[in-house]
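Chemist: The structure that follows is given in the form of structure tokens.
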Amino acid sequence: MSDSKTHSGSCHCGAVAYEVTTGLDGLIECNCSHCYRKGLVLAFVQPDAFKVLREGPQTEYLFNTHRIRHRFCQACGVQTFANGESPEGPMVAVNIRTLTDVEPFDWKAERVDGRNF
């Protein structure tokens with residue numbers, strides 16, 4: 001298990017920025033119709049481990065059970081995070097590909113079959 005660290009992240013244009021405290025273990029890469037098309041790699045954290053620094057103009061996308069609010073920047077279209085409910089309670093799903101202080105592919109993600117879930 002990797003050590004938790006506070007990371008910085010943002011959308012491409014920088015209108016949305018955040019900090020998240022997480023390790024780079026337990027990441028998932030899902031093949032559901034949403035995650036696969038967007039190329040998301042997700043870390044799930046408790047809301048108190050996540051802080052929005054710049055809100056920027058965002059829009060929200062709901063699908064399937066409508067339990068997760070997928071938020072993305074209206075200017076550049078990047079989805080930085082989503083808010084929702086897991087079986088354990090409130091959570092934030094962070095797209096780790098939007099972390100600005102992590103080298104690409106310095107992480108490993110478990111592939112999850114969300115398409116057939």
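Just so you know, all these numbers are worked out from the coordinates, no wet-lab data involved. Please read all numbers here as calculations on a predicted model, not as lab measurements. In this analysis, Cβ positions are derived from the backbone assuming ideal geometry, glycine residues included, and neighbour counts consider all displayed protein chains.
Chemist: Label the stretch 55-94 by shape, choosing from rounded, prolate and oblate, from the square roots a ≥ b ≥ c of the eigenvalues of the Cα gyration tensor; if a/c is under 1.5 it is rounded, and otherwise prolate applies when a/b is larger than b/c, oblate when it is not.
Modeler: It is prolate, given that a/c is not under 1.5 and a/b is the larger ratio.
Chemist: Could you tell me what fraction of 2.2 N^0.38 Å the Cα radius of gyration of the chain comes to, as a two-decimal ratio?
Modeler: Dividing the Cα Rg of the chain by 2.2 N^0.38 Å gives 0.99.
Chemist: Could you give the size of the charge dipole of the stretch 5-112 about its Cα centre, using +1 on the Cβ of each K and R and -1 on the Cβ of each D and E, expressed in debye and rounded to the nearest 20?
Modeler: Roughly 320 debye for the stretch 5-112.
Chemist: In whole Hz, what ³J(HN,Hα) sequence does the stretch 20-28 give by Karplus (6.51, -1.76, 1.60; θ = phi - 60°), x for Gly and Pro?
Modeler: Values, residue by residue: 9, 9, 7, x, 9, 10, x, 6, 10 Hz.
Chemist: So what is the relative contact order of the stretch 5-112, in percent, for Cα pairs below 8 Å that sit 6 or more residues apart?
Modeler: Relative contact order for the stretch 5-112 comes out at 33 percent.
Chemist: Could you let me know the centre-to-centre spacing of the stretch 72-105 and the stretch 31-49, using Cα atoms, in angstrom?
Modeler: The distance from the Cα centre of the stretch 72-105 to that of the stretch 31-49 comes to 6 Å.
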